[in-house]
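For reference, the structure is listed below as structure tokens.
The values are calculated or read from the model by the stated rules, or taken from the named source; none is laboratory data. Since this is a predicted model, take the numbers as computed values, not measurements. Cβ placement follows ideal geometry from the backbone for every residue including glycine, while neighbour counts extend to all protein chains displayed. What goes into the accessible areas is simple: the full protein's heavy atoms, side chains included, and nothing from ligands, DNA or RNA. Shrake-Rupley method; radii C 1.70, N 1.55, O 1.52, S 1.80 Å.
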Amino acid sequence: MTGSNEFKLNQPPEDGISSVKFSPNTSQFLLVSSWDTSVRLYDVPANSLRLKYQHSGAVLDCAFYDPTHAWSGGLDNQLKMHDLNTDQENLVGTHDAPIRCVEYCPEVNVMVTGSWDQTVKLWDPRTPCNAGTFSQPEKVYTLSVSGDRLIVGTAGRRVLVWDLRNMGYVQQRRESSLKYQTRCIRAFPNKQGYVLSSIEGRVAVEYLDPSPEVQKKKYAFKCHRLKENNIEHIYPVNAISFHNIHNTFATGGSDGFVNIWDPFNKKRLCQFHRYPTSIASLAFSSDGTTLAIASSYMYEMDDTEHPEDGIFIRQVTDAETKPKPPCT
């Protein structure tokens, strides 16, 4: 299954994988949160589990604050900060319902959490303490940081753009251009816009500048659909990760495929082999040389037998990730 450019991590989580995130400035360390109530830190080149800590419920997301501190949240409503050097943990605070998203904003130096309690909370990582609670129109499903802006995707197909330096009001209120429930939002590294995926095999490329000439550039496309016996099966697009340098992005779906897209020339650059089960999370390393792929059944067909959950580490090349200028 795996070629010379790819391997599977040893000692994977024992239940569904919710999130994979690389350390901010190295492809050596990968943080993984799981429904087995653990957060794991892997040394990727050594293929070894370095550290594991627990929540009292399934962990839905995790993030690095810096190379030595992990933050995580999930079904126990608790936000934890864990020192990866000393193995000490700190309960930073709570939400009133499960925490779905945990992200770090380096430009403003805040941690951001989004919850099913219909709020986003900001946290000062230095103290650490709560630095504000901000109501959202519905449950938060996904969020992404873009410079000093925060893009929040909620139930009801709503998208809100906030300014993290001035959370007194919502900068933009939008509706998803896709007809079905939002699954994932990720911001372009160039801060021009974001990509949004839905449960119905579609991805939208959106721009933040509200001017009509920029808005004309937005588009959406179908993906993660398979024809079998002349019937088209349509799969959720669960995961998106951007290549920091090229501004291309990978998508992962419940069809078990990973695609890499060039949003500028509206082309698919490549598709990898089919993974054993649904792609639950994806993460490029900061230098774009490595892609972590969580293959993890997401109970789309209820509790049937399914392949074991695994994390694949794939070395990627410029040929797979760099935009190709259109032929003239």
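Observations on the structure shown:
- Test: residue in region 314-327 that is open to solvent by 20 Å² or more (accessible area, probe 1.4 Å) and either β-branched (V, I, T) or in contact with a Gly (Cβ under 8 Å, 6 or more places away or on another chain) (or both): yes
- Remark: pairs (first residue in region 166-193, in contact (Cβ under 8 Å) with a residue 12 or more places away in the chain and among the aromatic types (F, W, Y); second residue open to solvent by 40 Å² or more (accessible area, probe 1.4 Å) and in a strand (DSSP E or B); Cβ separation under 9 Å; 6+ apart in sequence or on different chains) = Y180/R202.
- Across region 42-57, the number of residues qualifying as over 14 Å from I313 (Cβ atoms) and in contact with a Lys or Arg (Cβ under 9 Å, 6 or more places away or on another chain) comes to 5.
- Looking across region 226-239, just one residue is open to solvent by less than 60 Å² (accessible area, probe 1.4 Å) and at pLDDT below 95, and that is L226.
- Applying the condition of being assigned to a loop (DSSP other than H, G, I, E, B) and basic (K, R) to region 151-200 and asking which residue is nearest to the chain's Cα centre (by Cα) yields K191.
- Residue in region 116-130 that is touching a strand residue (DSSP E or B) at 6+ places or on another chain (Cβ under 6 Å) and at positive phi present: no
- Selection count, region 92-101, where residues are assigned to a strand (DSSP E or B) and buried (at least 18 other Cβ atoms within 10 Å of the Cβ): 5
- Cβ-Cβ contacts under 6 Å between residues 6 or more apart (or on different chains), taken from a first residue in region 131-150 that is at negative phi and open to solvent by 30 Å² or more (accessible area, probe 1.4 Å) to a second residue that is of a type in the set (A, V, I, L, M, F, W, C) and not in a strand (DSSP E or B), are listed as F134/M167; E138/A155; K139/W116; K139/A155; D148/V108; D148/L164.
- A residue that is touching a residue at least 12 places away in the same chain (Cβ under 8 Å), hydrophobic (A, V, I, L, M, F, W, C), buried (at least 18 other Cβ atoms within 10 Å of the Cβ) and under 20 Å from L282 (Cα atoms) can be found somewhere in region 204-215.
- When residues of region 102-127 are limited to those that are modelled with pLDDT of 95 or more and not in a strand (DSSP E or B), the one nearest to V159 (Cα to Cα): Q118
- The listed residue being surrounded by fewer than 22 Cβ atoms within 10 Å (Cβ to Cβ) and in contact with a Ser or Thr (Cβ under 9 Å, 6 or more places away or on another chain), out of F242, F284, F249, F264: F264
- D66 touching a strand residue (DSSP E or B) at 6+ places or on another chain (Cβ under 7 Å) and of a type in the set (D, E, K, R): no
- S286 part of a strand (DSSP E or B), within 29 Å of N25 (Cβ to Cβ) and polar (S, T, N, Q): no
- Residues of region 157-171 that are of a type outside the set (D, E, K, R) and open to solvent by 50 Å² or more (accessible area, probe 1.4 Å): N166, G168, Y169, Q171.
- Across region 11-36, the number of residues qualifying as open to solvent by 10 Å² or more (accessible area, probe 1.4 Å) and out of contact with any Ser or Thr (no Cβ under 7 Å at 6 or more places or on another chain) comes to 7.
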